[in-house]
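The values are calculated or read from the model by the stated rules, or taken from the named source; none is laboratory data. Computed from a prediction, not measured in an experiment: that's the story for all the values here. We work out accessible area using only protein heavy atoms, side chains counted, and drop any ligands, DNA or RNA first. Shrake-Rupley method; radii C 1.70, N 1.55, O 1.52, S 1.80 Å.
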Amino acid sequence: MSIQETNKQLCRDYFQAFLAKDTAWMARHIAPEFVRHDPGLPFEVRGPKGVAELHDALLPAFPDMALPLLDFVAEGDKVLVRLKVQGTHTGAFGDMAATGKKIDIDVLDLFQFKDGVLVEHWALLDNLGMLKQLGALPQ
């Protein structure tokens, strides 16, 4: 298997580990110096602990979260993943009380690996679309 195919599989595994909050997987496959660049987050995500904290910030708000993975493009040590974030807003999300509304938003995630370990992540989510779907902004 090529390094690109291995890294694509690590991305698939990352999303499964994230949804399950598999901290053992995170400790093995996310570098301590890992950083997630995400302009939509009010906090910094660093290392395996940061990814677990991100889980704890999102999954209580969207406990039925699904992450359908749509496309993978790999080159060198990077993998671009196009996916969806789907779920029902049944818990507090930051300062927003549960709305009971469903979200279905587009995401582009660019991952960088070094020696089979995730070292950096750039996330672009349709936050505007999500806020509209939740009723926080007008359609």
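Observations on the model:
- Based on the reciprocal of the average 1/r between different C-alpha atoms, the Kirkwood radius for the range 39-126 equals 14.2 Å.
- Percent accessible area from carbon and sulfur atoms, the chain, protein chains only, probe 1.4 Å: 56 percent
- On Cα atoms only, tilt of 3-20 relative to the major axis of the chain in degrees: 40 degrees
- Cα gyration tensor shape for the range 1-77, rounded if a/c is under 1.5, else prolate or oblate: prolate
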